[in-house]
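Shown next, in structure tokens, is the structure this report addresses.
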Amino acid sequence: MTRPFILPALLACSVAALGAGEQAKPAKPAAPAQGAATPAPPPAQPLPVIDPAYVYEPAGRRDPFISLLGRGQDAPPTEARPPGLSGVLIGEITVKGVLRDRTGFIAMLQAPDNKTYRVRVGDKLLDGSVKSINQEKVIFSQDVNDPLSLVKQREVSKPVRQAEGRG
């Protein structure tokens, strides 16, 4: 006899427990009337006090407001280049050969216009000069045209190019 009453009793307890578990949602406050005053906003936070003795020291850091896209161009394209070897960039030349005479080594350089120039140590190009010449290569001292770079010159080594057809 007790069994038929257990099932409805459990069902009634579970429904009561579910009803008690739900919390009553607070009613939304009514919108203020158009003529009513709105509450004042909370007071603003005071600004932090900055130490007046603080000084920014860049110490070799780059300026974050200078664009990195247009850095390190070889030469301005709008200017006319001087004639001859002094108007050729180091990146544009090819070392065709190296000769030796009584005074030292002489390098044969080919410019982009297919003209060949003979150079010795100390000869000037548009963006640098010849630093040294040996049997295998010519070393140039290239001026770095980058206002953000700490290095103002760099060494560029160009090996002697093998003639076509030779291995």
(message) So if I place +1 on the C-beta of Lys and Arg and -1 on the C-beta of Asp and Glu, and nothing else carries charge, what would the dipole magnitude of the stretch 84-159 be about its Cα centre? I want it in debye, nearest 20.
(response) 320 debye
(message) Counting pairwise Cα distances across the stretch 84-159, what percent come out greater than 19 angstrom?
(response) 31 percent
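Every number in this text was worked out from the coordinates using simple rules, so none of it is lab data. Every value quoted in this text rests on a predicted model; they were computed, and no experiment measured them. Cβ sites come from the backbone with ideal geometry, for glycine too, and all protein chains shown count toward neighbours.
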